[in-house]
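Please read the structure below before turning to the comments.
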Amino acid sequence: MPRVEIKEFQRRADEVASFLKSNLSPDTRVKIVTHTDADGISAASILARYLHDRDVPFHVVFSRPLRHDEVVELSKEDYDFFVFIDQGSAQVSEIHKHVLGEGRNVLILDHHPGEFPEHSKLGHLNPHACNLNGASDISAAGVVYSVVERLDKKFRPMVWLAVVGALGDRQEFSSGFVGINEGFVKRAMDLNVLRVGKGLKLIGRTQSPVVECLRLSIRPYLPGITGNVEACRELVKSLGIPPEGKIAELGVEREAGLRDALFARSNATLISEEFRHILWGPLYVLREEIEVFPAELHEYAAMLEACGELGSPNVGFAATMGDEASATDALALLKRYQGRMVEVLKWLEGNLDAFETTPKFRCIYVGREIDPKMVGEAISLAVESGLVKADRPVVGIAESNGELKVSARATRVHVARGVNLGESLRRAAASVGGVGGGHDVAAAARIPLTKRNEFIAALDETLPRVKEGRK
Ligand SMILES: [Mn+2]
């Protein structure tokens, strides 16, 4: 990562920090519109703590990126300062047109591709404007943190929330974090907020009995183990592990033994490097003094993600703000979400022959079998777990409210070979009268119900070929 881009990002963060500071007073009424996922929740939490500290009243709403009509509706609301988090850069022309002006200020803190026109009442920070990659170098939580930590040193220890945002948006790679994210982990260690360990990255390792933790494992999905309590009990028993113990308390040797047993039981031909890294790797553990649970940040991010997925991002948000009852509720939501995803992945495992393979991608039509909101994540998990081969991008199409909802996922390897799903889905969807867009590795589209085959053909034309040979 050339340092000059990071320097430029920091320079702009300075500008945005003074924009924020100079436009706030205790009379300013602030509206925050953030994303419903772990990144959006942690990002909003960082800003909320700053506003709270300055006694500025604010209102937070959680939403997918606003559509044109929703921006128009929002502009009618009686606020002085609108903040768009984890969205906004792609909606900047609507925001310009409808929200800016007449004494109102706008701040956009985003990491999705978009446009970056200037306006005296607009503060806008986005890694893409500095030639950084918003899919790998920094999350929205990192963008917000970069602004807030400049305003007062006392906010620096919140850097762990920037790591949570990056984990939530899958910005941790088998080699670790890159770009600005890498600096966040280093700072969290320097500030003695975080220690980095190594072990089984299974969600629930610090919270649930080992049998429960294995039964609910969706990242990775463990064929034969996930969703099968008997198999989990047997495995644990065969290793002499107390079934009620937690993985985090097993000790190094037993934990490594469990890892080896899980590798041995997995289909060896399907085990990719990625699968190994998802099962076993760095753990980011908050120091006890921080008093935040779960203390392991993969787990923390998964908890916030689950809150968002189940329509209760506010519960996750309240947990990040230190509300204990909400933290308990958020953990319950995590288990409920894992349980649902187990069923979805089991369905996929039983319907692998429904995948069509085009020269450029793999595609499955799930109809109404899977909640359209879960399709994208299910595909990610299926690829990471080795259920679906990762030799080309994977697309899932579900029916929802009289239209088709398309979710697509690619790997970094595909991107290195020229894939940009956001761009391809945007073009393919537009060619059949739909809308689409997103990141290079993850994107979505909505298209008319009758245009499935046309869309598949258009997408096949738009995507580059990442695999040699015919199939
Ligand atoms: Mn994000």
* Residue that is farthest from the ligand (Cβ to nearest atom), among those in the stretch 122-174 that are modelled with pLDDT under 95 and surrounded by fewer than 18 Cβ atoms within 10 Å (Cβ to Cβ) -> SER174
* Asked: Which ones in the stretch 50-71 are touching a helix residue (DSSP H, G or I) at 6+ places or on another chain (Cβ under 7 Å) and either outside the structural domain of VAL144 (by TED's automatic domain parsing) or surrounded by fewer than 14 Cβ atoms within 10 Å (Cβ to Cβ) (or both)?
  -> HIS68
* Asked: In the stretch 421-435, how many are under 30 Å from GLY176 (Cα atoms) and crowded, with 21+ Cβ neighbours inside 10 Å?
  -> 4
* Return yes or no: is ALA398 over 26 Å from ASP137 (Cβ atoms) and modelled with pLDDT of 95 or more? => yes
* **Per-region count, the stretch 75-90, residues modelled with pLDDT under 95 and of a type in the set (A, V, I, L, M, F, W, C)** => 1
* **Residue ID - nearest to the chain's Cα centre (by Cα), chosen from residues in the stretch 126-150 that are outside any helix (DSSP H, G or I) and of a type in the set (S, T, N, Q)** => SER139
* To do: Name every residue in the stretch 105-121 that is closer than 20 Å to ILE46 by Cβ and either assigned to a loop (DSSP other than H, G, I, E, B) or away from the ligand (no atom under 12 Å from the Cβ) (or both), in order of residue number.
  => ASN105, VAL106, LEU107, ILE108, ASP110, HIS111, HIS112
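On the given criteria, is ALA398 hydrophobic (A, V, I, L, M, F, W, C) and in contact with a Pro (Cβ under 6 Å, 6 or more places away or on another chain)? It would help to see each step written out before you state the result.
Working: hydrophobic (A, V, I, L, M, F, W, C): yes; in contact with a Pro (Cβ under 6 Å, 6 or more places away or on another chain): yes.
Answer is yes for this residue.
Is one or more of the residues making up the stretch 227-238 at pLDDT 95 or above and part of a loop (DSSP other than H, G, I, E, B)? Explain how you work it out, then say what you get.
Step one: list which residues in the stretch 227-238 are at pLDDT 95 or above, which gives 227-238.
This time we only want the ones that are part of a loop (DSSP other than H, G, I, E, B), so: 227-228.
Yes: the stretch 227-238 contains one or more residues that are at pLDDT 95 or above and part of a loop (DSSP other than H, G, I, E, B).
Name the residues in the stretch 356-373 that are part of a helix (DSSP H, G or I) and out of contact with any strand residue (DSSP E or B) (no Cβ under 8 Å at 6 or more places or on another chain), would you?
We begin by selecting, within the stretch 356-373, every residue part of a helix (DSSP H, G or I); these are 372-373.
LYS373, the sole residue that qualifies.
The values are calculated or read from the model by the stated rules, or taken from the named source; none is laboratory data. All values reported here derive from a predicted model rather than from experimental measurement. Here the Cβ is made from the backbone with ideal geometry for all residues, glycine too, and neighbour counts use every protein chain on show.
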